Amino acid sequence: MIEVTVAVPRDRAGALKHYAKRLSRSQPARRDEVLYTLRTHADQIRERFGVLSLSLFGSVVRDEGRRESDVDLLVEFVPGRPEGMFEFVSLKQWLEGLLSRPVDLVTPANIKPRIRPRIMKEAVRVL
């Protein structure tokens, strides 16, 4: 996957973003592409959102994702972050924009005990 910047008339920007999003979702998310994209933006993720660690798990890490699959991410924050739900949701939305697909963002405290062992076993550390 490559990143492309284009200049378009302001009144066409929304339509182009919608088309680009649909185009990027025409294929399943691939593990290597997601890891590369997230690692490329690691400094920004750490500094802007106070992320201590980020790990990929679920269907994408197993390369079993479908076109409509979301990206499952386990996040740990530095102490004192996030500063409320707004910052947590901002990170989620930012990651969805970066990856052009839905993101399921969870913290270790939010993992259900019965699925914790599976998640921790398959999780691949991003940062």
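The values are calculated or read from the model by the stated rules, or taken from the named source; none is laboratory data. All values reported here derive from a predicted model rather than from experimental measurement. Don't worry about glycine lacking a Cβ; one is built from the backbone with ideal geometry, like all the others, and counts go over all protein chains shown.
Entry remark, the range 4-42: residues being at pLDDT 70 or above, closer than 15 Å to Gly97 by Cα and outside any helix (DSSP H, G or I) number 4 in total. Going residue by residue through the range 59-73, is there one that turns out to be within 11 Å of the chain's Cα centre (by Cα) and either loosely packed, with under 11 Cβ neighbours inside 10 Å or within 30 Å of Ala7 (Cβ to Cβ) (or both)? Within the range 59-73, one or more residues are within 11 Å of the chain's Cα centre (by Cα) and either loosely packed, with under 11 Cβ neighbours inside 10 Å or within 30 Å of Ala7 (Cβ to Cβ) (or both). Among the residues of the range 92-127, those identified as in contact with a Leu (Cβ under 9 Å, 6 or more places away or on another chain) and β-branched (Val, Ile, Thr) are Val103, Val106, Thr107, Ile111, Ile119, Val124, Val126.
Tell me whether the range 47-54 contains one or more residues that are part of a loop (DSSP other than H, G, I, E, B) and among the acidic types (Asp, Glu). No: zero hits.
In the range 79-97, which residues are outside any loop (DSSP other than H, G, I, E, B), among the charged types (D, E, K, R) and within 16 Å of Leu52 (Cβ to Cβ)? First the steps, then the outcome.
First, the residues of the range 79-97 that are outside any loop (DSSP other than H, G, I, E, B): 85-97.
So of that shortlist, the ones also among the charged types (D, E, K, R) come out as 87, 92, 96.
Scanning the range 79-97 gives a single hit, Glu87.
If we scan the range 85-103, do we find a residue that is charged (D, E, K, R), exposed (fewer than 13 other Cβ atoms within 10 Å of the Cβ) and out of contact with any Phe, Trp or Tyr (no Cβ under 8 Å at 6 or more places or on another chain)? For the range 85-103, residues charged (D, E, K, R), exposed (fewer than 13 other Cβ atoms within 10 Å of the Cβ) and out of contact with any Phe, Trp or Tyr (no Cβ under 8 Å at 6 or more places or on another chain): absent. Scanning the range 88-121 for residues that are of a type in the set (Gly, Ala, Ser) and touching a residue at least 24 places away in the same chain (Cβ under 8 Å) yields Ser90, Ser100. Within 27 Å of Lys17 (Cβ to Cβ), modelled with pLDDT of 95 or more and buried (at least 17 other Cβ atoms within 10 Å of the Cβ) - does that describe any residue in the range 111-127? Yes: one or more hits.
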